[in-house]
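What follows is a short report on a single structure.
Taken together, the values in this text are just the output of simple stated rules run on the coordinates, not laboratory data. All of these numbers come straight from a predicted model, not from anything done at the bench. Cβ sites come from the backbone with ideal geometry, for glycine too, and all protein chains shown count toward neighbours.
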Amino acid sequence: MQITNRINFRNVSGDLFGGITAAVIALPMALAFGVASGAGPTAGLYGAVIVGFFAALFGGTATLISEPTGPMTVIMTAVITNLTAATGDTEKGLAMAFTVVMMAGILQILFGVLRLGKYVTLMPYTVVSGFMSGIGIILVILQLGPFFGEKAPKGGVLGTLAELPNLLSQINASALLLSVLTVAVIVLVPIIVPTQFKKWFPPQLMALLVGTFVSIWFFSGTNIDRIGLIDAGLPTLRMPVFTRSEFQLMFVDALILAVLGCIDALLTSVVADSLTRTEHNSNKELIGQGIGNLMSGLCGGIAGAGATMGTVVNIQAGGRTALSGLTRAFILMVVVLWAAPLTQNIPLAVLAGIALKVGFDIIDWDFLKRAHRVSWKGAAIMYGVIALTVFVDLMVAVGIGIFIANIVTIDRLSTLQSKSVKAITDADDEIQLTEEEKQLLDQGQGRMLLFHLSGPMIFGVAKAISREQKALKYCEALVLDLSDVPHMGVTSSLTIENAIEEALDKGCSVFVVGASGQTKRRLGKLGIWERIPPENLLADRTAALRRSVATLDNYATSN
């Protein structure tokens with residue numbers, strides 16, 4: 001397998017232009033997410049550069065742009081807050097948070113090596129929608145303090161909501177005006193700017209520039225919090241920092257970051273595939289994302305993942321290989337090394353406006369509006385996941401959401417599949433029978449039972465098999481038709497075993513039809529074929545019914 005991503009020089013101009021355009025969009029987002037996370041703008045820039053570079057170099061999606069995203073920023077904020085509170089030391093808490101980023105990267109690499117890529121996105125849409133909407137709501141709530149020109153309250157979502165009356169009573173009018181102006185620019189630029197120029201005027205960058213210039217020209221003498229001087233230069237390595245007592249908390253945080261990063265990246269890879277008509281390598285992408293986050297944590301950067309906005313812009317601008325992602329990382333590195341002082345006058349209110357708009361866009365408004373019309377159970381699961389995500393815990397929300405969604409799905413599938421379990425004693429048209437088979441069943445006069453199963457026998461069907469098994473008490477010959485069963489679960493296999501044993505204990509003759517493949521192997525491991533005469537194992541249902549009738553006739557003659 002090729003170690004690096006797909007890189008060639010057949011589309012140099014398109015890749016370079018795609019990388020430049022993606023870098024222009026990434027700059028304001030990296031600053032906004034760095035500040036929003038609590039790690040600072042420098043950590044946001046380092047995350048954008050390092051995650052983007054290594055994910056592009058070693059990933060499995062040629063056009064994917066990786067950087068700090070809204071969902072990952074929400075998790076980073078919680079990680080930094082929790083570890084700072086646990087240690088009582090801001091610097092140590094931040095150092096441990098960067099260690100969590102490294103741990104998340106290692107977990108993502110492990111997921112890729114174990115080839116779990118295809119399973120990561122196998123989640124019900126109701127859970128994904130609720131989870132992402134919950135993250136969007138969290139991001140919006142956490143930006144309310146800076147949006148109003150105040151410090152972000154401690155205590156996360158609940159702390160911010162509790163302090164909301166105080167925030168509203170102490171609004172910094174100048175900062176609020178800049179925040180509103182920022183959101184207005186992001187909303188209006190795509191409407192005002194002609195289509196052919198949109199790639200040159202990214203809304204987020206325009207909002208950053210307009211908000212900063214307005215703050216300098218009109219509010220230079222007012223009390224507005226700004227980014228301040230960013231340390232330019234190469235990052236210093238940060239060695240892993242953890243304590244035994246906090247390791248469990250850090251591991252859970254790392255697991256949440258890793259899983260969310262995998263979901264975020266692979267969902268964006270699917271978007272990239274649809275736009276470029278290519279196919280990404282999920283497992284390789286997870287390894288690339290893991291290397292990116294591992295290196296980002298080592299260099300003091302926040303965690304990142306595949307970013308839908310940057311990826312789409314890159315593709316629309318002409319990017320087709322990983323060279324575009326490498327170009328974007330190089331341009332951002334130039335900003336970090338030489339242009340960082342130019343960012344010191346950016347107001348935090350402007351960055352809060354950018355982050356708040358991102359949070360608003362993350363919310364799945366389209367599905368929220370029609371979920372109740374599609375399925376009230378699905379809507380209930382989605383709203384439950386949103387509530388758990390916002391007010392309880394992200395991992396709990398996903399775990400409970402997936403559990404309930406799977407239980408509902410299994411119940412529905414079991415109900416549908418149970419209808420394919422039929423116990424038939426005469427020709428009552430429950431299943432399609434030939435004329436000869438109908439005559440043979442009629443000859444049985446209720447003493448012969450045809451037990452017909454079709455479709456996968458998952459564990460939820462076992463109850464239906466047990467229910468139909470009650471008909472055994474009246475029969476003298478059992479024909480078990482497994483011709484249409486491609487898969488036999490353990491629970492259903494044990495239920496079939498009980499039915500066969502009950503029939504044999506009653507002195508019934510048992511005939512099995514069409515057992516093959518996995519079904520035959522599973523029943524064989526239970527020792528069923530040792531209890532049934534070989535001549536009673538047939539491939540044809542009609543032949544089995546003939547033998548069954550003959551057995552009944554012999555039984556009647558002998559008595």
Problem - Cα-projected label distance for Leu158 with Asn8, points at 7 Å along beta-carbon direction, nm - result: 5.6 nm
Completion exercise
CD proxy, 222 nm, the chain: helix-only mean residue ellipticity via -39,500 (n - 2.57) per DSSP H run with n ≥ 4, per residue, nearest 500, stands at -21000 deg cm²/dmol
Exercise for the section: Specify whether the C-alpha gyration tensor of the range 32-409 places it in the rounded, prolate or oblate class, a ≥ b ≥ c being the square roots of the eigenvalues: rounded for a/c under 1.5, otherwise prolate if a/b is larger than b/c and oblate if not. Expected result: rounded
Practice task
Would you kindly derive the ³J(HN,Hα) couplings of the range 95-106 from the backbone phi angles with the Karplus curve 6.51 cos²θ - 1.76 cosθ + 1.60 (θ = phi - 60°), listing them in order in whole Hz, with x for Gly and Pro?
Solution key: 4, 5, 5, 5, 5, 4, 4, 4, 4, 4, x, 4
Exercise for the section: Quote to one decimal, in nm, the extra length available between Glu530 and Trp217 on full extension: 0.36 nm per residue of separation minus the C-alpha distance between them. Expected result: 103.6 nm
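Got a sec? How would Tyr119, Tyr46, Tyr383 order by Cβ neighbour count within 10 Å, fewest to most?
Fewest-to-most Cβ neighbours within 10 Å comes out as Tyr119, Tyr383, Tyr46.
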Problem - Three-way shape call for the range 37-93 based on the alpha-carbon gyration tensor, with the a/c threshold at 1.5 - result: prolate
Completion exercise
Here FRET efficiency (C-beta to C-beta, Gln445 to Ala387, R₀ 56 Å, nearest 0.05) is 0.40
Exercise for the section: Find the centroid of the Cα atoms in the range 274-302 and in the range 97-139, then give the distance between the two in whole Å. Expected result: 12 Å
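If we count other beta carbons within 10 Å of each Cβ, what is the order of Ile224, Ile7, fewest first?
Ordered by Cβ neighbours within 10 Å, fewest first: Ile7, Ile224.
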Completion exercise
Residues whose modelled amide H sits under 5 Å from the amide H of His487, counting only those 5 or more places away in sequence or on another chain, are Met457
Practice task
Let me know the shape class of the range 167-312, please: from the alpha-carbon gyration tensor, a ≥ b ≥ c as square roots of the eigenvalues, rounded when a/c is under 1.5, otherwise prolate if a/b is greater than b/c, or oblate.
Solution key: oblate
Problem - Percent antiparallel among DSSP beta bridges (both partners in the chain, rounded to 5) - result: 30 percent
Exercise for the section: Can you pull the one-decimal nm distance between simple spin-label points at Ala380 and Leu110, each 7 Å off the Cα toward Cβ? Expected result: 3.6 nm
Handout entry: Inter-label distance, nm, simple model (7 Å from Cα along the C-beta direction), Ala539/Val396
Key = 5.8 nm
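Ranked by Cβ crowding within 10 angstrom, fewest neighbours first, how are Cys299, Cys262 ordered?
Cys299, Cys262
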Fill in the blank from the handout: The ³J(HN,Hα) series, computed from each phi in the range 375-387 with the Karplus coefficients 6.51, -1.76 and 1.60 at θ = phi - 60°, rounded to the nearest Hz and given as x for glycine or proline, is 6, 5, 5, x, 5, 5, 5, 4, 5, x, 5, 4, 4
Exercise for the section: Relative to the longest principal axis of the C-alpha atoms of the chain, give the angle of the C-alpha long axis of helix 247-276, reported between 0 and 90° and rounded to the nearest 10°. Expected result: 90 degrees
Exercise for the section: Taking H placed 1.01 Å from N in the peptide plane, check which residues at least 5 places from Val510 or on another chain put their amide H under 5 Å from its amide H. Expected result: Leu478
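Excluding Gly290 itself, what net charge comes from residues whose Cβ is under 14 Å from its Cβ, given Lys and Arg +1 and Asp and Glu -1?
Charge balance in the 14 Å sphere: 0.
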Practice task
Please list, in chain and number order, the residues 5+ apart from Asp364 or on another chain whose amide H is under 5 Å from its amide H, with Hs placed from the backbone.
Solution key: Ser133
